[in-house]
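The values are calculated or read from the model by the stated rules, or taken from the named source; none is laboratory data. Values in this document were obtained by computation on a predicted structure and should not be read as measured data. Here Cβ is always computed from backbone atoms with ideal geometry, including for glycine, and neighbour counts include all displayed protein chains. Keep in mind that these areas ignore ligands, DNA and RNA; they rest on the heavy atoms of the full protein, side chains included. Shrake-Rupley method; radii C 1.70, N 1.55, O 1.52, S 1.80 Å.
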Amino acid sequence: MSEKDGFEELIGEFAREMENAALEHVASSAFKAARLCGLVVKEAKEWGVPKDLAEAMAADVWQIIMIPTGTEVVEAGE
C-alpha cells in the first residue's frame, strides 16, 4: 500500500463519516418537520379549518422547513 493509497483511504473514510452525519441531520429534521406538520393539521382542524386547507397549510410548513430558499419546486404532472 502506497502513502497515497493510505491518504485516499483516510479521506474516503472521513467523507463517509461526513455524509452519514449530514444524512442523520436531514432525517432528524424531516422527522421533526413531519411532526410539526401533523400538529398544524390537527390544530387547524380543531379550530374549524377545512381539511383541504389544513393540509395545504401543513404542506407550506413542510416546504418552508425542508426546501432551501431559492430552490425551484415543481409539482408532479407539471
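Is there a residue being in a helix (DSSP H, G or I) and either small (Gly, Ala, Ser) or touching a His at 6+ places or on another chain (Cβ under 9 Å) (or both) anywhere in segment 62-75?
No: zero hits.
Does any residue of segment 69-77 turn out to be out of contact with any Ser or Thr (no Cβ under 6 Å at 6 or more places or on another chain) and surrounded by 10 or more Cβ atoms within 10 Å (Cβ to Cβ)?
No; the residues of segment 69-77 include none that is out of contact with any Ser or Thr (no Cβ under 6 Å at 6 or more places or on another chain) and surrounded by 10 or more Cβ atoms within 10 Å (Cβ to Cβ).
Scan segment 50-65 and report the pairs whose first residue is over 12 Å from residue 38 (Cβ atoms) and among the hydrophobic types (A, V, I, L, M, F, W, C) and whose second residue is assigned to a helix (DSSP H, G or I) and open to solvent by 80 Å² or more (accessible area, probe 1.4 Å), with Cβ atoms within less than 7 Å and a gap of 6+ or a chain change.
none
Just name the residue that is modelled with the lowest pLDDT out of those in segment 1-20 that are surrounded by 10 or more Cβ atoms within 10 Å (Cβ to Cβ) and small (Gly, Ala, Ser).
Checking each candidate, the answer is 6.
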